[in-house]
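J.: One structure coming up, written as structure tokens, with questions to follow.
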Amino acid sequence: MQLRHPTLLTGEQYAATQAWRGARLERCPNHPDGGCSFARHGTYTRKTPRNIRVARWYCRESHTTFNLLPDCLAARLPGTLDTLEKVVAHAEQSESLTAAAKALRRDAVDLPGAIRWVRRRIRLVHRLLATVPDLHPERRRPRAKKITALRARLGTDRALTTLRRRLAPQLPALPMPLGFQHKMGHDPPPPSA
Ligand SMILES: [Zn+2]
């Protein structure tokens, strides 16, 4: 199960300061009155950013692992929300998907693979923008359909991490890579890089 580790750090800062060491989960979410063997269960490593780890707890009685995902990391997708946002913002302003893929994936050996990589991220983020609640519904504005529009509206180039923090209570019901909704069978498996 994914839970939040509230933090303002970027992924690189989180890795450099080993901030997962400060993550705390006082009680078992499945047994808030106690009585189970709930305990810290080490960390797991994510490939990007380099040297980043996520703190884990485990409850044996309910066979549940709890991952304290820092606000900077995407859920069920490699990398940070900031990086994802940069990719999609770049793609939205590119003249074509091919141009975006060439610019964003200079490391890629095959262009079709790079295009799929970019397209998947655009699709995930745009689907998210069509789903997330408006932070200021009283202003009655049309929904921001693009990340560049949301950035302008929120006045930040960390729009996704801002949403992660401000929509914290709703994360269990929101789709990845922002939220922690666990939906079976709909998403393609996450890529390995
Ligand atoms: Zn428990």
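The values are calculated or read from the model by the stated rules, or taken from the named source; none is laboratory data. Predicted, not measured: the structure shown is a model, and the values here were computed from it. Reconstructed Cβ throughout: ideal geometry from the backbone, glycine too, with neighbour counts over all protein chains shown. The protein model used for the area step is the full one, side chains on, heavy atoms only, and it has no ligands, DNA or RNA in it. Shrake-Rupley method; radii C 1.70, N 1.55, O 1.52, S 1.80 Å.
J.: Taking the Cα centre as origin and putting +1 on Lys and Arg beta-carbons and -1 on Asp and Glu beta-carbons, what dipole magnitude results for segment 81-173, to the nearest 20 debye?
T.: On the way: 22 positive and 9 negative charges, 52 e Å.
Taking the Cα centre of segment 81-173 as origin, the dipole is about 240 debye.
J.: Between segment 105-176 and segment 1-48, how far is it from one alpha carbon centroid to the other, in angstrom?
T.: When both Cα centres are located, 24 Å separates them.
J.: How many percent of the accessible area of the chain is carbon or sulfur, using a 1.4 Å probe?
T.: On the way: 5670 of 10830 Å².
Accessible surface attributable to carbon and sulfur in the chain totals 52 percent.
J.: Can I ask one more? Select from V125, A144, A108 the residue farthest towards the positive end of the dipole of segment 103-165; place +1 on Cβ of Lys and Arg, -1 on Cβ of Asp and Glu, and compute about the Cα centre.
T.: A144
J.: To continue, here is another question. Please check the chain for the longest run free of GluC sites (Glu not before Pro) that are loop-located per DSSP (anything but H, G, I, E, B) and have at most 16 other Cβ atoms within 10 Å. Please list the in-between numbers first.
T.: Numbers: sites that count: E26, E61, E95.
Between exposed loop sites, the widest span is 96-193.
J.: Along the charge dipole of the chain, pointing to its positive end and built from +1/-1 on Cβ of Lys, Arg, Asp and Glu, which listed residue (H63, T98, P32) has its Cα farthest out?
T.: After comparing all options, I get T98.
J.: For segment 42-83, evaluate the Debye formula with one uniform point scatterer on each Cα (no solvent term) and list log10 I(q)/I(0) at q = 0.15, 0.27, 0.30, 0.32 Å⁻¹, rounded to two decimals.
T.: -0.39, -0.94, -1.07, -1.15
J.: Treating the angle as unsigned and between 0 and 90°, give the value, to the nearest 10°, between the Cα long axis of helix 81-92 and the longest Cα principal axis of the chain.
T.: For helix 81-92, the angle is close to 20 degrees.
J.: What is the gain in length, in nm to one decimal, between L135 and S37 on full extension, counting 0.36 nm per residue of separation less the C-alpha to C-alpha distance?
T.: Working: separation 98, 0.36 × 98 = 35.28 nm, distance 3.86 nm.
Gain on stretching L135 to S37: 31.4 nm.
J.: Follow-up. What's the Cα-based Rg to Rh of segment 81-173, Rh via Kirkwood?
T.: Details: Rg = 14.3 Å, Rh = 14.1 Å.
Rg/Rh for segment 81-173 comes to 1.02.
J.: Among DSSP beta bridges whose residues both lie in the chain, state the antiparallel percentage, nearest 5. Don't jump to the answer; show the numbers that get you there.
T.: On the way: 13 of 17 bridges.
Roughly 75 percent of the DSSP beta bridges within the chain come out antiparallel.
J.: What length, rounded to one decimal in nm, is gained on full extension from R21 through to H90, with 0.36 nm per residue of separation minus their alpha-carbon distance? Before the final figure, lay out the partial values.
T.: Working: separation 69, 0.36 × 69 = 24.84 nm, distance 3.37 nm.
Here the answer is 21.5 nm.
J.: Another question about this same structure. Please determine, in degrees from 0 to 90 and to the nearest 10, the orientation of helix 111-129 with respect to the longest principal axis defined by the Cα atoms of the chain, where the helix direction is its Cα long axis.
T.: That works out to roughly 70 degrees.
J.: Using only the Cα atoms of segment 1-146, what do you get for the radius of gyration and for Dmax, in Å?
T.: Here Rg and the maximum Cα pair distance are 18.7, 59 Å.
J.: Any idea of the accessible area per residue across segment 81-173, 1.4 Å probe, to the nearest Å²? Don't skip to the end; give the middle numbers.
T.: Values: 5260 Å² over 93 residues.
So segment 81-173 comes to 57 Å² accessible per residue, rounded to a whole number.
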